Every structure is written in structure tokens, then in C-alpha cells.
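**Student:** Please read through the structure below; I'll follow up with questions.
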Amino acid sequence: MKKSDKKKKKGKKLFSKISSLRSYIWISFIVFTFAILGLLWFFQYLLLESYYSAMKTDQLVKVAESISSKPETPINESFQERITTEAFRNSVCIAVTDTRGNSKFFCNMLGGSSMLEKDILTNFSAMIYGIKSDYENQEEDIMTQAFENTQYDTKSVVVVTKCELKGEEVYVYIESSLEMLDSTSDIIRTQLFYITIILFELAFIITLFISSRLSQPITKITETAKRFAEGDFTAKFEDSSYVETKELAKALDKARKDISKITDLRRDLIANVSHDLRTPLTIIKSYAEMIRDISGNKPEKREEHLQVIIDESDRLSALVSSLLELSKLESGNMEMEYSEFSINQKLDEIMQRYALLCENDGYDITLQKDEDRICKADVSKLEQVFYNLINNAVNYCGEGKKVSVVQINKENAVRIEVHDDGEGIPKDQLPMIFDRYYRNERHKRDKMGTGLGLSIVKEILKMHEFPFGVSSEVGKGSVFWFEIVLNDEK
């Protein structure tokens, strides 16, 4: 078993060496060239004589059809001219006899090798009689028959047909040799030999050049991919040789940029999550030590410190829950439960949740409603979208603490906009605003939420296939929006 495994491994190594793109292309072209040469030799060397015989026989049949389809009433000069023309044009021997074998007309363009010439001159020889008998015993208008000329050691074919001339039935015999001229055969085979040598040499050189040219851009992209795999995110996939490799290089370069961006975001995510975890844990530890050392016997202080510990624990729990929920949404394993609801009623319910915040902290959160519409979505998840967008506006609104929620009815959708009067977001950062744990460094940290709200919004709206986006101007605030598509069969 060990020996066989070693042989298999060696075979795999050998195959891996041979199966490089350059070698594969080269071998494929060489095999194709051999196949073409093999076909040429097969048809031009082995099948040349049989192909020639078949073509010659078909030629004689066409001559017979031409003669029998244009009968002449008398045997006159025009008929003789037509017979002579056909014999000369096709290099054949043509004889016309009556039913007894008497010669009416004879034209030989085969030279002295014609078997008909001797038989016609001896008036109805045994060969002519045999051909005539065979013809009369079959039902076809034209008959072909092959013969061996023992005198000249050659093969011939005779085609016979009959027609009426001036009311008299006559037989037309057409003969041709099935042997190719030796000189012609030798010329064809010699040419084939030289063509084979030239074609093989050209194929060898051309396939080396083509395989090198075709594999070169792939090799270049592979080398860049290796640098990228080693952590060099500055490596650029570039190629302009062919359309396909150019598109591949573009796709890989886009993937490189996306992975580089994701790596940066992951670094920021780890830093932000670490900070958000470390801050409440530090506070919890500090207040626990204060209870132990200072306020353990003072009920009022102890309750105050315990409440801080509870609040920070809740914040930790919310952060972990948000991370888990975002992971489920991104994995696509969360099921959707669609139901119909009134958009006006839902907006009123959501705004009631912020009444206490407006009363205690001085926020001005307003609602502008349009006509009521019946929408269809996963209500619980869509509520998260509302809360996260409003919380985000509360966290980043300006000193005026103004937040407005606007409903705009469109023909096939209900558009919801959440406006704030904060600092706004630079244009170059807008494409990243919905990325996981992204924060603008110019902004203060969240007063509420976990920093994952916009990422959760994006995933929920993507699952609903609802359009969403953001527009912002630095110094004038931001507008986050999404549209609930109507008449959508779910």
C-alpha cells in the first residue's frame, strides 16, 4: 500500500508540473497539430485511391446522365460532337452501339488502354454482351461495373445507359481507368511529406509563442496575488493584454480594495469594541471597590453606586446582544415574519417612546405625517430600524437638540426621513457610514446605543429589499432615509 501511495504522489506531482497553463496550452496545440496531420495522411495517403475511384465513378455517371437526358433523333454530326466533347472534357472512352452490338459511334480519349475499343471493333464481344445482359437484368437506368484490364494490369469502370435515337434503341458505354497516374500520386505524397515537416516545425514554434503570451498575464496576476496574500495591500492587479484577464485584474483589484477596507474596519471595530467593553468594566470595578471600601455601610451611597453598576452592566449586555444580532443578520439565518400595519399608527407608537427623553433632557423630536398607508414588513425588525435611526440622530444632533421624523408618501412606497441638525458627515465618509462600528472621529461618542445601530439598520433593510441611504452637508446636519415598498408580495 505504501508503494502504491508513493506512486500516486509521484503521479500527482508529475501531473501538477504538466498541468501548468503554459504547458497545457502548448500540449493542446501540439496534439491538435498532430490530429490535423493525421487526418491529412489518412485521407491523402491511405484513402487517396479509393476516394479517386469513387469520384471517377461518380463522374462517369454524370456523363451518362448528360448524354441520356439529351437524346438526338438522328445520329448526326451534332450528336457526334456532343459525344466527342464529353469524352474529351472528362478523358473517357465513349461507345454507342445498337441492340446487336454494332458500333454507331466511338470516341476514345483514354489512349490505347481502353477495353471497349477492342470489343467494339470485334463487333459484340463477350465483355460487351455480358455488360448488356447485366444491364437488362437490373431496373436502374444507369449501371456501373468495374473490370480488371489484364493486358495493361489496370482497373477500369464501365458505365452503361440506353436511349432512343430516331426510334431506334441504342446503348451508350462509357469507360475510364480507376488507376491514378503514378507520377501524380508520387507528387501528392511528396508534397504531403514536406507539408508535414513544415507544419510541425511552425506549430512547435507558434505554440510556444502563443502559450507564453497567453500564460504571461495569468502569471503576472498570480505573482501579485502572492504578494497580496502575504499582506502587501499596496499590490495592484493590473493587466491590459486581453479582455478576460483585464476584467479578472479589475475584479481582483476591487476585492483587494474591499479587503483592505474591511481590514481597516476590523481594526477599528476591535479598538471600538475593546474601548466600549473596557469603559463599563472599569466603572463596574471602580464602583464595586467603592462599595467595599467606602459606601458599604451608607445605604444612600451604596444604592447610588449599585445603580451605576447595574446601568453599566445593562450597557455591556446591550452591546453583546447587538453584536450577536448583527452576526445573525449578516449570516442570513434570521427568518422574516411579514405582517400588515398602519404606518401612521406605528409612527405614533414610536414617538411616544421618546416623550420622556424630550421632557427630561430638552430634546425637540417632531413627527411630520403624510396620509396613512398600510404597509407590509417584519414589524419587530422595522421598529429596530426606526429606533436606531432616531437614536443615531439624538446622539449626533447639534446644540439645538432638534430631530425630525418625516413621512413622505410616494406612488409605490412610503419614504421615512430622519433629520438632525448636527455637524454633518464629510462626503468621503458617507459610503462607510453604514459599515459595522464606523464612527466619525469629529463626533462625540454615543449617548445611547452600542455603535452598531446603523449596521443593523443596513442588514434589516437589505433583508426586506428596501432602498435606503443618507445625505449630509458638513455644518448643516444629516438626513437618513429608507423606503417601505408597497404592493410587494412576501
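**Student:** Given the conditions (1) under 15 Å from residue 30 (Cβ atoms); (2) open to solvent by 100 Å² or more (accessible area, probe 1.4 Å); (3) among the β-branched types (Val, Ile, Thr), and given that residue 234 satisfies all but one, which numbered condition is not satisfied?
**Tutor:** (1)
**Student:** Which of (1) touching a Lys or Arg at 6+ places or on another chain (Cβ under 8 Å); (2) among the hydrophobic types (A, V, I, L, M, F, W, C); (3) modelled with pLDDT of 85 or more does residue 425 not meet, given it meets every other one?
**Tutor:** Status for residue 425: all satisfied but (1).
**Student:** Scan segment 200-223 and give yes if some residue there is at pLDDT 85 or above and either part of a helix (DSSP H, G or I) or of a type in the set (Ser, Thr, Tyr) (or both), otherwise no.
**Tutor:** Taking every residue of segment 200-223 in turn, none turns out to be at pLDDT 85 or above and either part of a helix (DSSP H, G or I) or of a type in the set (Ser, Thr, Tyr) (or both).
**Student:** Can you name the residue in segment 337-353 that is among the charged types (D, E, K, R) and modelled with pLDDT of 90 or more and is also surrounded by the most Cβ atoms within 10 Å (Cβ to Cβ) among such residues? Quick ask: steps written out before the conclusion?
**Tutor:** Start the filter on segment 337-353 by keeping residues that are among the charged types (D, E, K, R), which leaves 337, 340, 346, 348-349, 353.
Right, trim to modelled with pLDDT of 90 or more and you get 340, 346, 348-349.
On the way: 340: 9, 346: 16, 348: 12, 349: 13.
Out of the qualifying residues, it is 346.
**Student:** Taking segment 142-174 only, how many residues are at pLDDT 75 or above and open to solvent by 10 Å² or more (accessible area, probe 1.4 Å)? Talk me through it step by step, then tell me what you get.
**Tutor:** Just the residues of segment 142-174 that are at pLDDT 75 or above, to begin with: 142-147, 155-164, 168-174.
Now narrow it down to the ones that are open to solvent by 10 Å² or more (accessible area, probe 1.4 Å): 142-147, 155, 162-164, 168-169.
The number of residues fulfilling the criteria is 12.
**Student:** Let me ask you something else. For residue 420, indicate whether it is charged (D, E, K, R) and modelled with pLDDT under 85.
**Tutor:** Values: charged (D, E, K, R): yes; modelled with pLDDT under 85: no.
Considered against the rule, which asks whether it is charged (D, E, K, R) and modelled with pLDDT under 85, residue 420 comes out as no.
**Student:** Turning to a different aspect of this structure: Answer with yes or no whether residue 376 is farther than 15 Å from residue 472 by Cβ, touching a residue at least 60 places away in the same chain (Cβ under 8 Å) and assigned to a strand (DSSP E or B). Explain how you work it out, then say what you get.
**Tutor:** Values: farther than 15 Å from residue 472 by Cβ: yes; touching a residue at least 60 places away in the same chain (Cβ under 8 Å): yes; assigned to a strand (DSSP E or B): yes.
When the stated conditions are applied, residue 376 passes them.
**Student:** Further question: Quick one: in segment 390-428, of everything that is touching a helix residue (DSSP H, G or I) at 6+ places or on another chain (Cβ under 6 Å) and among the β-branched types (Val, Ile, Thr), which residue is farthest from residue 369 (Cα to Cα)?
**Tutor:** Only one residue fits best here, namely 403.
**Student:** Follow-up question, since we're still on this one. Say whether the condition of being within 27 Å of residue 336 (Cα to Cα), in a helix (DSSP H, G or I) and under 43 Å from the mean Cα position of the chain (by Cα) is met by at least one residue in segment 421-430.
**Tutor:** Our first condition is that a residue be within 27 Å of residue 336 (Cα to Cα); within segment 421-430, this holds for none.
No, every residue in segment 421-430 fails to be within 27 Å of residue 336 (Cα to Cα), in a helix (DSSP H, G or I) and under 43 Å from the mean Cα position of the chain (by Cα).
**Student:** Follow-up question, since we're still on this one. Take residue 480 and tell me if it is of a type in the set (A, V, I, L, M, F, W, C) and either open to solvent by less than 20 Å² (accessible area, probe 1.4 Å) or at pLDDT below 85 (or both). Full working, then the answer.
**Tutor:** Details: of a type in the set (A, V, I, L, M, F, W, C): yes; either open to solvent by less than 20 Å² (accessible area, probe 1.4 Å) or at pLDDT below 85 (or both): yes.
In short, yes.
**Student:** Residues being within 20 Å of residue 456 (Cα to Cα) and surrounded by 13 or more Cβ atoms within 10 Å (Cβ to Cβ): count how many of those fall in segment 354-382. Explain how you work it out, then say what you get.
**Tutor:** First, the residues of segment 354-382 that are within 20 Å of residue 456 (Cα to Cα): 376-382.
When the remaining residues are screened for being surrounded by 13 or more Cβ atoms within 10 Å (Cβ to Cβ), the result is 376-379, 381-382.
The total comes to 6.
**Student:** Here is a follow-up. If I ask for residues that are buried (at least 16 other Cβ atoms within 10 Å of the Cβ) and at pLDDT 75 or above, which ones from segment 58-79 would you list? Talk me through it step by step, then tell me what you get.
**Tutor:** So in segment 58-79, the residues buried (at least 16 other Cβ atoms within 10 Å of the Cβ) come out as 59-61, 63-64, 67, 72, 75, 79.
Those that are buried (at least 16 other Cβ atoms within 10 Å of the Cβ) and at pLDDT 75 or above: 59, 60, 61, 63, 64, 67.
**Student:** Over 25 Å from the mean Cα position of the chain (by Cα) and either at pLDDT 65 or above or surrounded by fewer than 13 Cβ atoms within 10 Å (Cβ to Cβ) (or both) - does that describe any residue in segment 247-258?
**Tutor:** Residues of segment 247-258 that are over 25 Å from the mean Cα position of the chain (by Cα), as a first pass: none.
No, the conditions are met nowhere in segment 247-258.
**Student:** Residue pairs, Cβ under 8 Å, 6 or more apart or interchain, first in segment 450-479 and on the phi > 0 side of the Ramachandran plot, second part of a loop (DSSP other than H, G, I, E, B) and at pLDDT 85 or above. List them.
**Tutor:** Qualifying pairs under 8 Å: 475/423; 475/424; 477/397; 477/421; 477/422; 477/423; 477/424.
The values are calculated or read from the model by the stated rules, or taken from the named source; none is laboratory data. Being a predicted model, the structure only gives us computed values, none of them experimental. Note that we place each Cβ from the backbone using ideal geometry, even for glycine, and neighbour counts take in every protein chain shown. Quick note on the areas: whole protein, heavy atoms, side chains included, nothing else; ligands and nucleic acids left out. Shrake-Rupley method; radii C 1.70, N 1.55, O 1.52, S 1.80 Å.
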